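The structure appears right after this line, and notes come after that.
The values are calculated or read from the model by the stated rules, or taken from the named source; none is laboratory data. None of the values given here were measured: they were computed from a predicted structure. As a convention, Cβ positions derive from the backbone with ideal geometry for all residues, glycine included, and neighbour counts pool all protein chains shown.
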Amino acid sequence: MLNAFQDALSLLAHFNTSLIGIVLTSLQVSLTALLIGCVLGLPLGAFLATEEFRSKKLIVVVLNTLMGVPTVIVGVVVYLLLSRSGPLGAWGWLFTVKGMILAQILLTTPLIAALSRQILEDSWKIHRDSFLILHLPRLSYLKWLLWDCRFSLTIAILAGLARAISEVGAVMIVGGNIDHSTRTMTTAIALETSKGDLPLALALGIVLLSIVLLANLITFVVRQIAERRYG
């Protein structure tokens, strides 16, 4: 075990090309999905936090359910959509990075929307009367709410990142875990461990933990600065 750990550190120290390629593919997929998930999820969360309509509770229940849906189910659904006989088969996205991004968008968007709704709803209860008195247009107060809660919303964004970058099932099914093409850190760790190549698996695990730790550290620093500045 000690030798495997030392070999893993050696791979990291020498910037192993296979390892770097896997890391870059994983970051490309996860960060793109996170960005699109934020663009879709944050406005949806803000809308649900501020509006009242008949089917709102149903949508909230659906979002909360999708937060915990097994990733392999999302992978199978996207696989069926992108397969040759599926409705999106003409796109040719199956076993590609684009298909993996689509799968992770479906995972991150409901999570970000559900968490941001909970955060923004508390702020809306405090400021609702002021907005109504000022007769501000809907878009204006939605943007103001998002800006006012920007530091708290980092929690939702961090959760989306964790959901995307640590996911295995959906990207394995949709991407196919193809070497030098669709292999991500999590799928590579699973494959290399099953093959007995522990150094590469450990090296990728160290990188993955470092990315998550860095994201948490950035979030913590941002929240500390916000608390000092705004009390």
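Quick check on Arg150: is it outside any helix (DSSP H, G or I) and either surrounded by 18 or more Cβ atoms within 10 Å (Cβ to Cβ) or at pLDDT below 85 (or both)? Yes, satisfied.
Going through (1) over 10 Å from Ala203 (Cβ atoms); (2) under 18 Å from the mean Cα position of the chain (by Cα) one by one, Ile22 falls short only on (1). Residue count for the stretch 37-87, restricted to those that are among the small types (Gly, Ala, Ser) and farther than 24 Å from Glu167 by Cβ: 4.
Scan the stretch 216-231 and tell me whether some residue there is buried (at least 16 other Cβ atoms within 10 Å of the Cβ) and either free of Cβ contacts under 8 Å to residues at least 60 places away in the same chain or closer than 19 Å to Leu48 by Cα (or both). The answer is no; no qualifying residue exists. Considering the stretch 170-193, the residues that are in a helix (DSSP H, G or I) and among the β-branched types (Val, Ile, Thr) include one that is surrounded by the most Cβ atoms within 10 Å (Cβ to Cβ), namely Val171. Just one of the listed residues (Ile155, Ile126, Ile101) is among the aliphatic types (A, V, I, L, M), at pLDDT 90 or above and assigned to a helix (DSSP H, G or I), and it is Ile101. When Leu161, Leu145, Leu132 are checked against the criterion of being on the phi < 0 side of the Ramachandran plot, surrounded by fewer than 20 Cβ atoms within 10 Å (Cβ to Cβ) and in a helix (DSSP H, G or I), a single residue qualifies: Leu132.
For first residues located in the stretch 75-87 and touching a residue at least 24 places away in the same chain (Cβ under 8 Å), partners that are of a type in the set (D, E, K, R) and outside any helix (DSSP H, G or I) and lie 6+ apart or on another chain with Cβ distances below 7 Å do not occur.
For the stretch 1-94, the helices (runs of 4 or more DSSP H) that sit wholly inside it and include 2 or more residues that are of a type in the set (D, E, K, R) and either surrounded by fewer than 16 Cβ atoms within 10 Å (Cβ to Cβ) or in contact with a Pro (Cβ under 8 Å, 6 or more places away or on another chain) (or both) are 56-67.
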